[in-house]
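Have a look at the structure below, then the notes.
The numbers here are math on the coordinates, done by the rules we state, and not lab data. Just so it is clear, the structure is predicted and the values come from calculations on it, not from any experiment.
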Amino acid sequence: MLKVCYIDASLRDDTGHFANMCRAVTGELRSRGHQVDIYANKHLTPELQVELKATALIQHHQQDQLMANDQGNFKLAMESLLCDLQVIWQSQIYDLIYINSVLPPQFAAEVRRRRYISGPIRFQTCTACVH
């Protein structure tokens, strides 16, 4: 059995592909007996929190103005998700980190987080829907 961390900063309601992607991926993992923790946008609807058994945590939605393409916003977006990842990592150790709908600042945050880990890395990171 794997411990899987599913992260989607854009998952906050039932619009778009975010909720359906989460249902499909996490449903399949759970049906195979894996433990899956879902971390979504801090504005995740209460209905989806219950349905998906998800935690509303990630500070910034990827498509917000914060994610504009200038260097300052890139760094702020990266640091924001890095803080969220540190909170997640303190609560649980995972075998697989699955980051859905990743943009460059989120990818950079995960790469940067991995650099802080002392000792051998015992988990894998998977990204999907790279924009």
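Residue-wise, which Karplus ³J(HN,Hα) couplings in Hz belong to the stretch 16-31, taking 6.51 cos²θ - 1.76 cosθ + 1.60, θ = phi - 60°, and x for glycine or proline?
Per residue, the Karplus-derived 3J(HN,Hα) values read x, 8, 4, 5, 5, 4, 4, 4, 5, 5, 6, x, 5, 4, 5, 5 Hz.
Would you kindly derive the ³J(HN,Hα) couplings of the stretch 36-42 from the backbone phi angles with the Karplus curve 6.51 cos²θ - 1.76 cosθ + 1.60 (θ = phi - 60°), listing them in order in whole Hz, with x for Gly and Pro?
Result, rounded to whole Hz: 10, 10, 10, 10, 10, 4, 4.
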